[in-house]
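Quick one: this structure, given as structure tokens, is what I'll be asking you about.
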Amino acid sequence: MFGSLDTVPELLKNYQYKTGEKHKFLGDYYRLMIEESATTGVIINNYNMVLNVQDVSSLSHKEFVLDMWYREQAREVFVEAMAAAIVKAAPYQIRFPDLKIYRLDNRWGACSPKSQRVILNLELIKTPKECIEYIALHEMLHFRFPNHNLSFYGALGTLMSDWKEREDML
């Protein structure tokens, strides 16, 4: 079905967490390097993603450490994108919502105006920042325009003229 690992959607990849695998972060692929270390974490060094773990033989440990790192990065990048979206959407007087980060199966984000909450898909951290900015603004505009109608797309087009190109990158 898919010609190579690069063409398989991120959610469908069956990672083994071995040195040499390619993992995405902010739209770029990085070569995973597994290193045994007393302290766990991830370091980006050029196009290498160095995964420091205590037990190099434990698949679940490596997966957990990388997942926690992605979550830390997502929190930082997503909050920044949401803040920028609020500034862009200032004419619509949108307040900063409660932000939740989950893995979602079939959407990049969700908005609940009633509970003042935005949910962003953790997998967004693997896409370019331009895509994250688009999804943040898209979800923020739902506080003013609950439906995908002409008013919603008019506001989106006014605030981000290249939104369609960003959407197509996803």
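Against the condition under 13 Å from LYS126 (Cβ atoms), among the basic types (Lys, Arg) and at pLDDT 95 or above, how does LYS100 come out, does it pass?
No.
Can you name the residue in region 79-115 that is touching a residue at least 24 places away in the same chain (Cβ under 8 Å), farther than 15 Å from GLU133 by Cβ and outside any loop (DSSP other than H, G, I, E, B) and is also most open to solvent (accessible area, probe 1.4 Å) among such residues?
Step by step, filter region 79-115, then rank; the result is TYR92.
Conditions (1) among the aromatic types (Phe, Trp, Tyr); (2) modelled with pLDDT under 95, marked per residue:
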{"residue": "TYR70", "(1), (2)": "yes, no"}
{"residue": "VAL79", "(1), (2)": "no, no"}
{"residue": "PRO91", "(1), (2)": "no, yes"}
{"residue": "VAL118", "(1), (2)": "no, no"}
{"residue": "CYS131", "(1), (2)": "no, no"}
{"residue": "HIS138", "(1), (2)": "no, no"}
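Another question about this same structure. Does any residue in region 133-148 that is more than 15 Å from ASP98 (Cα to Cα) come within less than 7 Å, Cβ to Cβ, of a residue that is assigned to a loop (DSSP other than H, G, I, E, B) and open to solvent by 70 Å² or more (accessible area, probe 1.4 Å) six or more places away or on a different chain, and which pairs are these?
Close Cβ pairs satisfying both conditions: ILE135/TRP108.
Would you tally the residues in region 117-132 being open to solvent by less than 30 Å² (accessible area, probe 1.4 Å) and assigned to a helix (DSSP H, G or I)?
7
Now a separate question. Taking interchain pairs and intrachain pairs at least six residues apart, which have beta carbon atoms under 7 angstrom, with the first residue in region 49-66 and closer than 16 Å to ARG31 by Cβ and assigned to a helix (DSSP H, G or I) and the second open to solvent by 80 Å² or more (accessible area, probe 1.4 Å) and aliphatic (A, V, I, L, M)?
Pairs that qualify, where the first residue is closer than 16 Å to ARG31 by Cβ and assigned to a helix (DSSP H, G or I) and the partner is open to solvent by 80 Å² or more (accessible area, probe 1.4 Å) and aliphatic (A, V, I, L, M): there are none.
The values are calculated or read from the model by the stated rules, or taken from the named source; none is laboratory data. Please read these numbers as outputs of a predicted model, since none were measured by experiment. Methodologically, a virtual Cβ is constructed for each residue, glycine included, from the backbone with ideal geometry; neighbour enumeration extends over all protein chains shown. Calculation scope for accessible area: heavy atoms of the full protein, side chains included, ligands and nucleic acids excluded. Shrake-Rupley method; radii C 1.70, N 1.55, O 1.52, S 1.80 Å.
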